[in-house]
Each structure stands twice: as structure tokens, then as C-alpha cells.
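Peer 1: My questions will all concern the structure given below.
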Amino acid sequence: MSLLKTTQIIKDPAVEDYFVTLRPEPSFGRYYQKHGDRFAEWFETGKVVVMDQAPIDPDYDLLWKVVFPYGKRSLKKIKSDEITKPIKNKKHALIRIFGDDVELARRFRQEVIRIDGLLFAAAAALFPGYRFLLEGSKITWRLSVTHTEGLHFDVYAGIEPGHVLRIFLNIDSFPRVWCLGDRVETVLAKRTLDKTWGNDANAWNKRITKEYGGDTFGVEPSPSPQHVVMFAPGSMWIVHSQYVSHGPLFGRRMVAVSMDVDPETMQTPDLLFANMPARLRGAIQ
Ligand SMILES: [Fe+2]
């Protein structure tokens, strides 16, 4: 059992300090009672909200026994839907992970269903003003080692650029280590936003990630300044991953929530990700 219960943040003075670290509360309802709609404000304005010892209580004895396959048949992440759907053949995620260990597979599936329910309830409790669009909302489970991803801004290819709420939960015994760099507006303030940029916010994120030197796997660190955060086991964090550059340095077991927020229900709808090109060119004040 890890002794680290508090997230450690090594701040780079060259990067904006956008962290909001909250004291642990016994329930998500209590978090909302204390901080109210500041959760929506923090999320929409690109703050990184850290909640240590999140009131989720994962079954660590069970989860730490589970490792997704490596090598040729490796699984980086699995959508919860893939875990909970009926088993029809050997391609099913549970068979790929557990083989003949039916009992462990059954317990894992139950725990996924339970924690998913708590995470959806957490999103509803912390953001009661939001309506979530179920089509774009999902939870993914990542029970494998990931490391040295470069700093990048998330791009959701193939879908309308919506406003995606991300909530992450470290369910491993070891901290999840991330680099976190500049926010998108800080990077774009140094660019001339001429016609070549077009009007597609996703394309903007792709372009600046490339220019920014990130989104690569390797031993070289990203060239841009960055904070280093060691998210404690059991911690949960909220970050607008389309607006804040980030890259995992090391991580093992994590659950990641993506909720598509109905733009009409945002606290400040002009902050909608799809509006970024117009907003930064001054079309929306
Ligand atoms: Fe990302």
C-alpha cells in the first residue's frame, strides 16, 4: 500500500499556476456545498482541480491484481461498454484480460460498473447545471503502463468540437506523473492567427501541438516549460484537456471520464471549445 496520499506539484515559474487543490471531503455533495458553481468556472476557464482521497473507495485488492495485456495483444485502454457487454467470443475484453479466470473477470466487471456509477454521479453532483450529451460521453479504463507522452492538446477527431469534461481517477498504488504546460490561449497569444489557421478548433489544437514540439513518444522531454505533477493514488482531477497541454510521464492504473457538455448549459457558453478561433480573433467578446 502506498503511503503517498497527497498529490505533489512541482511548479515551473515559466508556466501559469492554474492549480486548484481542494481539501478532501466525505462526499461529492459536500464538495459542491463548499465550492458550488466554481467547479464549472474552474473547468471552463482551464484550471486544473485536484481532489486527493476522492470519496470513491475503489477495491484496490481487486484492481491491483488486474493488468491489461502487453506486447502484440496490448490494450492501452478499454471503454466500459466493452467490458460490460455480453461475452460472444474470445475477442471480448474480459476474455483477453482474464482468460479462464472467470471469477476474477466477474468481480472486475462488477467493480467497473460500480465505479462508473460513482463517477457519473460525481459529474452530476459537481456540475449540476450541466446537461451531458450521452452520445459523446464515455468512461475508459487504463490498466497498463503508459509513459513519456509529449505535451499535447487533446483533439477529438471526427466529432463536432464540443466541450468535453474530463475527470481522471488514479486507482493505482503508485502516483500518476503528468507534465502540464501552457494553456492554449497562452500559446496562441504568441502566434499570428492568419487565414492559414482556418476556423476548426480541432485543427488549431493539432497545429499547435505540432509546433509546440509535443505529442511524441521518446526519451527527450518536451521542449516547452512544464509543471510536473504526481497525482496521488486515490486522487481525482478535473482538467479541460483541450485547453491545457498535458502529457503522462508515467502511469499505471487509471479511470478516465469524458463527458460531452451541452454548450447551452455552460456557465459561459462563449468559452465553448468550438468558439475558440472566433473568440481569439476577437469576434466574440
Ligand atoms: Fe491527452
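Peer 1: Being among the acidic types (Asp, Glu) and closer than 23 Å to GLY129 by Cα is the filter here; which residues of the range 1-39 pass it?
Peer 2: Result: GLU25, ASP37.
Peer 1: Of everything in the range 53-85 that's part of a helix (DSSP H, G or I) and touching a residue at least 60 places away in the same chain (Cβ under 8 Å), which residue is surrounded by the fewest Cβ atoms within 10 Å (Cβ to Cβ)?
Peer 2: Across the range 53-85, the extreme among qualifying residues is TYR60.
Peer 1: Still on this structure, I have one more. Could you tell me whether VAL155 is at pLDDT 95 or above, closer than 25 Å to PHE39 by Cβ and either within 15 Å of the ligand (Cβ to nearest atom) or in a loop (DSSP other than H, G, I, E, B) (or both)?
Peer 2: Here the answer is no, as VAL155 does not meet what is asked.
Peer 1: While we're on this one: Of SER173, SER137, which residue is touching a Pro at 6+ places or on another chain (Cβ under 8 Å) and more than 16 Å from the ligand (Cβ to nearest atom)?
Peer 2: SER173
Peer 1: Right, another one. Could you look through the range 63-79, keep only residues that are farther than 13 Å from ASP172 by Cβ and of a type in the set (A, V, I, L, M, F, W, C), and pick out the one that is farthest from the chain's Cα centre (by Cα)?
Peer 2: LEU75
Peer 1: Moving to a separate point now. Looking only at the range 115-145, count how many residues are more than 12 Å from MET254 (Cβ to Cβ) and in a strand (DSSP E or B).
Peer 2: Within the range 115-145, residues that are more than 12 Å from MET254 (Cβ to Cβ) and in a strand (DSSP E or B) number 7.
The values are calculated or read from the model by the stated rules, or taken from the named source; none is laboratory data. Model, not experiment: these values are computed from the prediction. All Cβ positions, glycine included, derive from the backbone under ideal geometry; neighbour counts span all protein chains shown.
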